[in-house]
1. Yes or no: residue B:23 away from every other protein chain (no Cβ under 14 Å), under 24 Å from residue B:137 (Cα atoms), in contact (Cβ under 8 Å) with a residue 60 or more places away in the chain and surrounded by 12 or more Cβ atoms within 10 Å (Cβ to Cβ)?
2. Could you check how many residues of segment A:61-80 are within 8 Å of chain B (Cβ to nearest Cβ) and either among the charged types (D, E, K, R) or in a strand (DSSP E or B) (or both)?
3. Condition check: within 30 Å of residue A:129 (Cβ to Cβ), surrounded by fewer than 24 Cβ atoms within 10 Å (Cβ to Cβ) and not basic (Lys, Arg). Does residue B:43 satisfy that?
4. Quick one: count up the residues across segment A:81-105 that are crowded, with 20+ Cβ neighbours inside 10 Å, at the interface with another protein chain (Cβ under 7 Å from one of its Cβ atoms) and in a helix (DSSP H, G or I).
5. Under 7 Å by Cβ, and 6 or more places apart or on different chains, what pairs join a residue from segment B:1-14 that is more than 10 Å from chain A (Cβ to nearest Cβ) and farther than 14 Å from residue B:107 by Cα with one that is of a type in the set (Val, Ile, Thr) and surrounded by 17 or more Cβ atoms within 10 Å (Cβ to Cβ)?
6. Does at least one position in segment A:42-53 carry a residue that is assigned by TED's automatic domain parsing to the domain that holds residue A:140, of a type outside the set (D, E, K, R), surrounded by fewer than 20 Cβ atoms within 10 Å (Cβ to Cβ) and more than 19 Å from residue B:107 (Cα to Cα)?
7. Those residues that are in a helix (DSSP H, G or I) and under 8 Å from the mean Cα position of the chain (by Cα), I need them from segment A:172-194; list them, please.
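The values are calculated or read from the model by the stated rules, or taken from the named source; none is laboratory data. What you see is a predicted model; the values in this text were computed from it and never measured. Cβ sites come from the backbone with ideal geometry, for glycine too, and all protein chains shown count toward neighbours.
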Amino acid sequence: MTDAPPVVARGLVKRYGDLVAVDHVDLTVERGDVFGYLGPNGAGKTTSLRMLLGLIRPSDGRAELFGRDPLVEGARALDGVAGFVEGPAFYPYLSARRNLELLADYDDGPRSRIDEVLELAELRDRAGDRVGGYSHGMKQRLGIAASLLRAPRLLLLDEPTTGLDPAGMRDMRELVRRLAREGITILLSSHLLYEVEELCNRVAIVRRGHVVYEGSLQALKASAASGYALRAVDVDTARRVAHSVAGIGDVAVVEGELRFTAGEDAVAQLTVALGRAGVGFTALLPRSASLEDLFLDLTEGEPAAPLVQEVA
Amino acid sequence: MGAVFIWELRKLRAQKRTYLGLIGSALVPIAFVVAIALQNGSGPNDIPLGRALRDTGLAVPFVVLFFMSIWGLPLVTALVAGDIVASETHNRTLKTILTRSRDRGEVFAGKVCATATYTLAALVAMVTVGVVAGVIAFGWHPLVSLSGTDVAPGTGLGLLALSTLVYAWPLLAIAAFGLLLSTATRNSAASVVGTLMFALLMQLLAALPGTESIRPYLLGEQFSAWHGLLRRPTDWAPIERGAWVCAIYAAVALAAGYLVFLRRDVTGE
């Protein structure tokens, strides 16, 4: 097996007529990553995953899994890869066990693992029932079971917690964490920021088919201009002082607080200057933008403005 | 491909429409025999072997084959052929099986073989039940060939088996067309109806005046190719023509279906 990364996408494009569903997406998922593919509904996440799995043809660009292009190598490119897009689907007129037997046979894999994965998905008691009668959550768990049947090294999960009740969501996340601990690389798409924040070490944020950020969420937070709030006895004087200190920007008085942006050195300079000017202050607080603000900025802002520099 | 084929058969076994087709095929000759037995007089006189219907049970399956060629067996065939790919779209299971270790070509080939197996099973069921019901009702007697000579019952049975084989060709071509529609339209009902319309259109074209020159190359005509087997001496010409005409229809439909299946974007299915 090569050392190629689990997922490499370069310049991936999918057009449907005039609509560009996926617009030059570059992605690299490294071994051991729990990679979040984050964006609002309709941002092209599922379409991207379908191209990775060879289910649809890219209009342009290429996708490789462990160095193999599914468009060129067909099913062999999916060796070691499993997952589902847009909710797992099974034959409703067959039982869960029969469905898994079918998939095991399609893989020329052993059927001996079926009990094990059914156990893991907590479906063993209902394994003999027809999937047509399953709840959404059970199908979702069966989807994971079907994926694990392949003993994958890379798992692609499209919105795995969508439609689950709170307990189901918690269990699903716990399962993802557990699989990641076992060394499976995971690419997980989601429209839920907190889910990705909780599970993933790296993210790509996608908006209208375009990746607007790729890197870690921590780096994203750090890359945002950090702001401060100062509560001073004499706000007006404090504002004048702030204007005179180099490196202090965006000075404004909001709700009786002086707000500004600055690097750490400039902030230190400001406190000294305030002391010299005889302005006492009662609080100086860093005001970092919340991740949610950043996410909303990235996914809802005007397309022309470069919102955040990409952090590799 | 073997595993895919076997699972396609298992999937057919788990679906109601399969039984609908097979049981329907088996019931038709019984209903036919009962209707003929209750009727007085002779005939139907205007179709091959119709006159001999009450003389030997062996004539029954031949006559049933004739009647079922118009829309009965095409419908039974379309029921599964039109559904076998479209149902994957309906259940959104294509993505499930196409992300395992099987190439699209294998999956398509498995479906082709399963459809053919079902089609042949329905045809054989019909003919077998026809012989049994016919012999019970009208006895095991010599058959009169289309040239007027007597054919011993044992030989007649052999000729019936061969005729069934020849009759299967156009039916399989219709199945291939159903598979194409099933793949291209992604809609089961549309494909079943479309396949049936195709079969009827082939019959209609043959019935129109002025189509004499193309008639030998229409699919509907090949359903009577087996008549050649019941002539003395055997007339091989329609049988040979039936073989290659049906092969061309089937090959074109399967090649087109294969290409569509190979290149299709699996979205929302």
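1. Values: away from every other protein chain (no Cβ under 14 Å): yes; under 24 Å from residue B:137 (Cα atoms): yes; in contact (Cβ under 8 Å) with a residue 60 or more places away in the chain: no; surrounded by 12 or more Cβ atoms within 10 Å (Cβ to Cβ): yes.
It is false that residue B:23 is away from every other protein chain (no Cβ under 14 Å), under 24 Å from residue B:137 (Cα atoms), in contact (Cβ under 8 Å) with a residue 60 or more places away in the chain and surrounded by 12 or more Cβ atoms within 10 Å (Cβ to Cβ).
2. So the first thing to find is which residues in segment A:61-80 are within 8 Å of chain B (Cβ to nearest Cβ), and the list is A:74-76, A:78-79.
Okay, now just the ones that are also either among the charged types (D, E, K, R) or in a strand (DSSP E or B) (or both), so A:76, A:79.
Matching residues across segment A:61-80 total 2.
3. Values: within 30 Å of residue A:129 (Cβ to Cβ): no; surrounded by fewer than 24 Cβ atoms within 10 Å (Cβ to Cβ): yes; not basic (Lys, Arg): yes.
Considered against the rule, which asks whether it is within 30 Å of residue A:129 (Cβ to Cβ), surrounded by fewer than 24 Cβ atoms within 10 Å (Cβ to Cβ) and not basic (Lys, Arg), residue B:43 comes out as no.
4. Residues that pass the stated criteria total 2.
5. Partner pairs satisfying both residue conditions: B:12/B:18; B:12/B:80.
6. First, the residues of segment A:42-53 that are assigned by TED's automatic domain parsing to the domain that holds residue A:140: A:42-53.
Of the ones still in play, those that are also of a type outside the set (D, E, K, R) are A:42-44, A:46-49, A:51-53.
This time we only want the ones that are surrounded by fewer than 20 Cβ atoms within 10 Å (Cβ to Cβ), so: A:42.
Those left that are additionally more than 19 Å from residue B:107 (Cα to Cα): A:42.
Looking for residues that are assigned by TED's automatic domain parsing to the domain that holds residue A:140, of a type outside the set (D, E, K, R), surrounded by fewer than 20 Cβ atoms within 10 Å (Cβ to Cβ) and more than 19 Å from residue B:107 (Cα to Cα), one finds at least one in segment A:42-53, hence yes.
7. Of all residues in segment A:172-194, those in a helix (DSSP H, G or I) come to A:172-181, A:193-194.
Of everything in segment A:172-194, just one residue is in a helix (DSSP H, G or I) and under 8 Å from the mean Cα position of the chain (by Cα), namely A:193.
The rows are residues; the columns are (1) under 14 Å from residue A:28 (Cα atoms); (2) of a type in the set (A, V, I, L, M, F, W, C).
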residue	(1), (2)
A:171	no, no
A:185	yes, no
A:188	yes, yes
A:193	no, yes
A:197	no, no
A:203	yes, yes
A:211	yes, yes
A:214	yes, no
